[in-house]
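Participant: Following this message is one structure expressed as structure tokens.
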Amino acid sequence: MKRFLRSLALALFFVSYLTAQQHQTTAVLDATKIKYKINKNIYGQFSEDLGHCIYGGIWVGENSPVPNIDGMRKDVVDALKEIRVPVLRWPGGCFADGYHWKDGIGPRALRPKTTNTSWGNVTDDNGFGTHEFLEFCKLIGAEPYFTGNVGSGTVQEFSEWVEYVNSDNESPMTELREKNGRDSSWGVKYWGLGNESWGCGGNMTPEYYADQVRRYSTFLKNYGKNKIFKIAVGAGGGDYHWTEVLMKNARKSFDGLSLHYYTFENSKPAADFDEKDWFATMKGTLKMDELIEKNEVIMDTYDPGKRVALVVDEWGTWYAVEPGTNPAFLYQQNTMRDAITAACNLNIFNNHCDRVRMANIAQMVNVLQAMILTDSSEIILTPTYYVFDLFKVHQNARLIPMKVNSASYVFDKDTLPAVNASASIDKDGKVHIALCNIDPRSSETVAVQFERFTGKKISGKILTANKMNDENTFDHPNQVIPKIFSDYKLASNSLTVNMPPMSVVMLDLNGTVEAPPPLVLKNPMQGLEYKYYEGTWEELPNFDLLTPVKGGTIENIVIPKESSDENFGVQYSGYINIPNNGSYTFYLNSDDGSSLYLDRDLVVSNDGQHAPEERSGEAFLRAGYHEIKVTFFQAAGGMVLDASIEGPGIQKRKIPDGMLFREGK
Ligand code: AHR
């Protein structure tokens, strides 16, 4: 009897132990809410003139024994091409506000030697400057993003940099560029107005910096067809007052506002940690969601049309440097813990892609949470690199909102959601689900319910490790690499996934999205209805609350004849007849602001007073009639409005009259 009781107790213990080790998470993948594109720039990177990020990491010079393409490491270029880096920020960071770009142009032998006062007072021979950076971006297929010097430079210096890079006019700057071997402009879009101006970029108050933004922005000109996208310095961590002041005082002078947030655990090096440190790192990382949400609330107040992007242009883990390395060089290893934090952050950014339209991990090579570590002629790809590789399928795909009801990861009486996720559908209709289990001890069963989606075929990959601090080293470069994953069960409207502890899983599904049904019109007649309003606005008003001065029918989304030259608005409403089921892109080109709604959802936001500018948005539509509403306002100066469509069987073109209808009597 005693033996029986002992066996029973043992059995019960094992059952409860196993239950404790296998948690259950549920999720709903809601294909009815497909709306926003995951801007590929969320997968952007940051490369600062710091430690061995540039020198040794990217740039070795043409005469180096390390195989190179015009001085850029070939191994690094090849590895980065693989993960499709969309955009690259340079030259800083703190370095940017002490950098004078003219030091980095012209024959290399004649470039001045300067001191990198931001990072270790080392001598910089300026061998890697504007031309080299742009060449490197071209090699890896990334768009360049320059951070200009607002802290110690001048408006003239910055505006001349833009002119040197972007102008094709005759001018001293373009002559200088030609003398340096480049005839035509590069047409660079992304320009940052300083870096951390609340700290290393000049210790400014938000009010003072907002004034600087207005001033600098005035003199950073567009050349030719290239319209520059200005990114102002935003908050560091939770400084919401900074966001508030910038949005209130200067939002018309920028297109993006940055956010910097690091997960600091800098008392120990990257691979030297226990579960307490792991938990703290996860907790610190997941705070990114709250920071973005609170910034969004402020931005939505001043910019409900979401014209201004939130640009998380520095994020990542920050530990103590590797023993024996220069403390100013911020060189750290990278473990499974970093892979998990990267996946958490990328899931957070994806899920906020309506506002977060660029992010740049710090940094690309040899600094902080790097993709690549180099040692003379060798390189290793880090666990973080492999997360970027797994997640690249989300670039420019459309977010499918996923509600996750996660089991808890409990440590020392504190809890965190064990699982986070994001999902998207790409242009070929393939669905990608990224799942991340942050719990280093427990497996997770994730039961996903599909709404308006039928899954047919599935494949998966996983990144996991045996130990929390497993890393790739020069001796063992393949300890943490993705593997094929198949521990799932797919039914037509559900999916169950068994995730091992501390794992990142990427699932690719073929299936069908059932878009909402089209409308039935009793008596469709060609043309839209429009209402014309008078007023002075800086942003689109809610026309439904105003009284129109006239209205009628109109054949297309064009400015009505006999409109005034300024201070009016128009609202167009009716139906668009979509020819085929599928994914459509809508474009609005306007001067000043405009917006386009389909079935009452905002699809294109092109708000604000501005010169002609085209913006786009996407929608998944079933063939048939859908409600369309376009709003437009004209302040003063130029006046433009046209709407285009692109989709299955339709090359991008103005929406033809024959697609636009109203309901007849
Ligand atoms: O990425 C390292 C440094 O962190 C950057 O130079 C600075 O902007 C931030 O504080």
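Participant: Taking 0.36 nm per intervening residue step and subtracting the Cα-Cα distance, what contour gain separates Lys287 from Glu538 on full extension? Mind showing how you got there, number by number?
Facilitator: Details: separation 251, 0.36 × 251 = 90.36 nm, distance 3.44 nm.
Between Lys287 and Glu538, full extension yields an extra 86.9 nm.
Participant: Check cross-link reach from Lys102 to the lysines: straight Cα distance under 20 Å, and skip same-chain residues fewer than eight apart.
Facilitator: Lys113, Lys179, Lys189, Lys221
Participant: Cut-off under 19 Å on the C-alpha distance; same-chain residues fewer than 8 positions from Lys531 excluded. Which lysines are left, in chain and number order?
Facilitator: Cross-link targets: Lys550, Lys561, Lys629, Lys665.
Participant: Once every DSSP H run of n ≥ 4 in the chain is given -39500 (n - 2.57) and the sum is divided by its residues, what mean residue ellipticity at 222 nm do you get, rounded to the nearest 500 deg cm²/dmol? Write out the running numbers ahead of the final one.
Facilitator: Values: 10 runs with 138 residues, N = 665.
Computed ellipticity for the chain at 222 nm equals -6500 deg cm²/dmol.
Participant: Same structure again: Put +1 on the Cβ of each Lys and Arg and -1 on the Cβ of each Asp and Glu in the chain; which of Gly57, Gly104, Tyr43 then has its Cα farthest toward the positive end of the dipole?
Facilitator: With unit charges placed on the Cβ atoms, the residue in question is Tyr43.
Participant: Just the projected area, averaged over all directions, of the convex hull on the alpha carbon atoms of segment 41-391: how many nm²? Before the final figure, lay out the partial values.
Facilitator: Numbers: hull surface 65.4 nm².
If I average the Cα hull's projected area over directions, I get 16.3 nm².
Participant: Same structure again: Return the unpartnered cysteines for the chain, using a Cβ-Cβ cut-off of under 4.7 Å.
Facilitator: Here Cys53, Cys137, Cys344, Cys353, Cys436 come out as lacking a disulfide-compatible partner, given the Cβ-Cβ threshold of under 4.7 Å.
Participant: In debye, nearest 20: dipole of the chain around its Cα centre with unit charges on the Cβ of K, R (+) and D, E (-)?
Facilitator: Numbers: 67 positive and 83 negative charges, 431 e Å.
The dipole of the chain has a size of about 2060 debye.
Participant: Taking segment 109-180, which GluC sites (Glu not before Pro) meet the DSSP loop condition and have no more than 13 other C-beta atoms within 10 Å? Each step should come with its number before you reach the end.
Facilitator: Details: sites: Glu132, Glu135, Glu157, Glu160, Glu163, Glu170, Glu175, Glu178; in loops: Glu170.
Those that pass, being in a loop and sparsely packed, are Glu170.
Participant: Here is a follow-up. Taking each full run of DSSP H in the chain as one helix, which ones are at least 24 Å long along their axis (Cα atoms) and have mean Kyte-Doolittle hydropathy of at least 0.0?
Facilitator: Working: long enough: 2-21 (28 Å, 0.85); 275-302 (42 Å, -0.61).
Long hydrophobic helices here: 2-21.
Participant: Moving to a separate point now. Please compute the contact order of the chain in relative form: average sequence separation of alpha-carbon pairs under 8 Å and at least six residues apart, divided by the residue count, as a percent. Each step should come with its number before you reach the end.
Facilitator: Values: 1618 pairs, mean separation 91.2, N = 665.
Reported as a whole number, the value is 14 percent.
Participant: In segment 516-594, what GluC sites (Glu not before Pro) fall in a loop by DSSP, with at most 15 other Cβ atoms inside 10 Å?
Facilitator: Working: sites: Glu529, Glu534, Glu538, Glu539, Glu555, Glu562, Glu566; in loops: Glu538, Glu539, Glu555, Glu562, Glu566.
Taking segment 516-594 and a limit of 15 other Cβ atoms within 10 Å, the loop GluC sites (Glu not before Pro) found are Glu538, Glu555, Glu562, Glu566.
Participant: Here is a follow-up. Please compute the per residue accessible area over the chain with all protein chains in place, 1.4 Å probe, rounded to a whole number of Å². Don't skip to the answer; put the middle values down first.
Facilitator: Details: 27220 Å² over 665 residues.
Value returned for the chain: 41 Å² of accessible area per residue.
Participant: I'd like the FRET efficiency for Gln526 and His476, computed as 1/(1 + (r/R0)^6) with the beta carbon distance as r and R0 of 51 Å, rounded to 0.05.
Facilitator: 0.15
Participant: Right, next: Report, to the nearest whole %, how much of the accessible area of the chain belongs to carbon and sulfur atoms, 1.4 Å probe, protein only. Mind dumping the intermediate values first?
Facilitator: Details: 13590 of 27220 Å².
Carbon with sulfur: 50 percent of the solvent-accessible area.
Participant: Solvent-accessible area of Leu545, probe 1.4 Å, all protein chains present, reported in Å² to the nearest ten, please.
Facilitator: The accessible area comes out at roughly 140 Å².
Participant: Hey, another quick one. Given labels modelled 7 Å from the Cα in the Cβ direction, how far is it in nm from Thr445 to Asp272?
Facilitator: 4.2 nm
Participant: So, in Å, what gap is there between the alpha-carbon centers of segment 213-262 and segment 307-369?
Facilitator: Rounded to whole Å, the Cα centres lie 21 Å apart.
Participant: If I model a spin label at Glu135 and Asn466 as a point 7 Å from the Cα along the Cα→Cβ vector, what separation in nanometres do I get?
Facilitator: Between Glu135 and Asn466, the label points sit 4.5 nm apart.
Participant: Right, something else. Sorted from largest down, what three extents in whole angstroms do the Cα atoms of the chain have along their principal axes?
Facilitator: Result for the chain: principal-axis Cα extents of 91, 79, 43 Å.
Participant: I've got another one for you. Semi-axes, largest first, in whole Å: what does sqrt of 5 times each Cα gyration tensor eigenvalue give for segment 524-663? Working shown, then result.
Facilitator: Working: eigenvalues 117, 53, 31 Å².
Equivalent ellipsoid semi-axes, largest first: 24, 16, 12 Å.
Participant: Positive end of the charge dipole of the chain (Lys, Arg +1 and Asp, Glu -1 on Cβ, about the Cα centre): tell me which of Asn351, Thr496, Phe388 has its Cα farthest that way.
Facilitator: Positive-most Cα among the choices belongs to Thr496.
Participant: Going through segment 350-459, which trypsin sites (Lys or Arg not before Pro) have at most 15 other Cβ atoms within 10 Å and a DSSP loop state? Don't skip to the end; give the middle numbers.
Facilitator: Working: sites: Arg355, Arg357, Lys392, Arg398, Lys403, Lys413, Lys427, Lys430, Arg441, Arg452, Lys456, Lys457; in loops: Arg355, Lys413, Lys427, Lys430, Arg441, Arg452.
For trypsin sites (Lys or Arg not before Pro) across segment 350-459 that sit outside H, G, I, E and B with at most 15 neighbouring Cβ atoms in 10 Å, the list reads Lys413, Lys427, Lys430, Arg441.
Participant: Normalised radius of gyration for segment 121-217, please: alpha carbon Rg relative to 2.2 N^0.38 Å, two decimal places. Don't jump to the answer; show the numbers that get you there.
Facilitator: On the way: Rg = 14.9 Å, N = 97, 2.2 N^0.38 = 12.5 Å.
Ratio of Rg to 2.2 N^0.38 Å for segment 121-217: 1.19.
The values are calculated or read from the model by the stated rules, or taken from the named source; none is laboratory data. In this text the structure is predicted, and so the values were computed from the model without any measurement. In this analysis, Cβ positions are derived from the backbone assuming ideal geometry, glycine residues included, and neighbour counts consider all displayed protein chains. To get the accessible areas, we keep the full protein, side chains included, count just its heavy atoms, and leave off ligands, DNA and RNA. Shrake-Rupley method; radii C 1.70, N 1.55, O 1.52, S 1.80 Å.
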